[in-house]
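These notes are about the structure you will find just below.
The values are calculated or read from the model by the stated rules, or taken from the named source; none is laboratory data. Remember, predicted model here, so these are calculated numbers, not experimental data. Please note: Cβ atoms are built from the backbone with ideal geometry, for glycine as well, and neighbour counts cover all protein chains shown.
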Amino acid sequence: MRHICLAVFAVVLSLGASVSRGSRVDQGRLVADSDTVDLGGLYVPVGTVPKWCDVKYMAIEVGDRTMHARSIRGALALDSTDNGPHVDFRDGALDGRHFTFMTEQKESVGYDFAGDFLRFPSSEPSEDPILVGHLRKRVAGRVVNEVDLKFRYIIVD
């Protein structure tokens with residue numbers, strides 16, 4: 001029994017050693033800590049974007065802490081103007097590095113996204129993608145187009 005306890009302790013120590021600032025281990029999974037990881041900001045698509053994909057940028061806002069987590073909401077901007085058309089999402093979710101959301105439908109059109117942060121945003125601008133995932137466009141609830149996209153984080157003054 002003593003050997004089993006020592007083995008479990010060694011595994012826990014090795015997991016703890018690989019955890020970075022702003023994350024924690026919960027039931028063996030690496031989980032981002034919404035109190036220290038700030039996802040808020042603007043993300044723009046990188047590379048080739050198909051013509052049907054009218055997303056110009058994604059805005060993410062991390063809200064106030066609730067009992068269990070911080071709310072993650074935002075919008076997909078469908079043109080590059082500040083007050084142009086957009087679709088909102090209110091129930092974004094972050095599980096470790098995995099990020100998902102589904103937008104509201106506007107004129108029967110909506111989007112959903114599932115992807116992973118390669119790294120979390122920092123104050124250092126970079127041309128490299130930090131978020132990769134799969135975007136689906138839905139019309140009247142039916143998937144009409146989908147694409148794998150990469151996003152980079154931009155800093156706006």
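Do we find a residue being at pLDDT below 90, touching a Lys or Arg at 6+ places or on another chain (Cβ under 7 Å) and exposed (fewer than 13 other Cβ atoms within 10 Å of the Cβ) anywhere in region 80-89?
Within region 80-89, one or more residues are at pLDDT below 90, touching a Lys or Arg at 6+ places or on another chain (Cβ under 7 Å) and exposed (fewer than 13 other Cβ atoms within 10 Å of the Cβ).
Residues being surrounded by fewer than 13 Cβ atoms within 10 Å (Cβ to Cβ) and either farther than 15 Å from Q105 by Cα or in contact with a Ser or Thr (Cβ under 9 Å, 6 or more places away or on another chain) (or both): count how many of those fall in region 135-145.
2
Out of all the residues in region 93-104, which are in contact with a Lys or Arg (Cβ under 8 Å, 6 or more places away or on another chain) and modelled with pLDDT of 90 or more?
Listed by number, the list holds a single entry, E104.
Among (1) farther than 15 Å from M58 by Cα; (2) assigned to a loop (DSSP other than H, G, I, E, B); (3) not basic (K, R), which single condition is V143 missing?
(2) is the only condition that V143 fails.
Looking at (1) at pLDDT 80 or above; (2) over 28 Å from D148 (Cβ atoms), can you tell me which one L15 breaks?
L15 satisfies all of (1) at pLDDT 80 or above; (2) over 28 Å from D148 (Cβ atoms) except (1).
Any idea which residue in region 95-112 is nearest to the chain's Cα centre (by Cα), counting only those that are touching a residue at least 24 places away in the same chain (Cβ under 8 Å) and closer than 20 Å to V139 by Cβ?
Among them, the one singled out is F101.
Assess whether R136 counts as being over 16 Å from V37 (Cα atoms) and touching an Asp or Glu at 6+ places or on another chain (Cβ under 6 Å).
yes
Condition test on I130, is it surrounded by 14 or more Cβ atoms within 10 Å (Cβ to Cβ), aliphatic (A, V, I, L, M), modelled with pLDDT of 85 or more and within 10 Å of the chain's Cα centre (by Cα)?
In short, yes.
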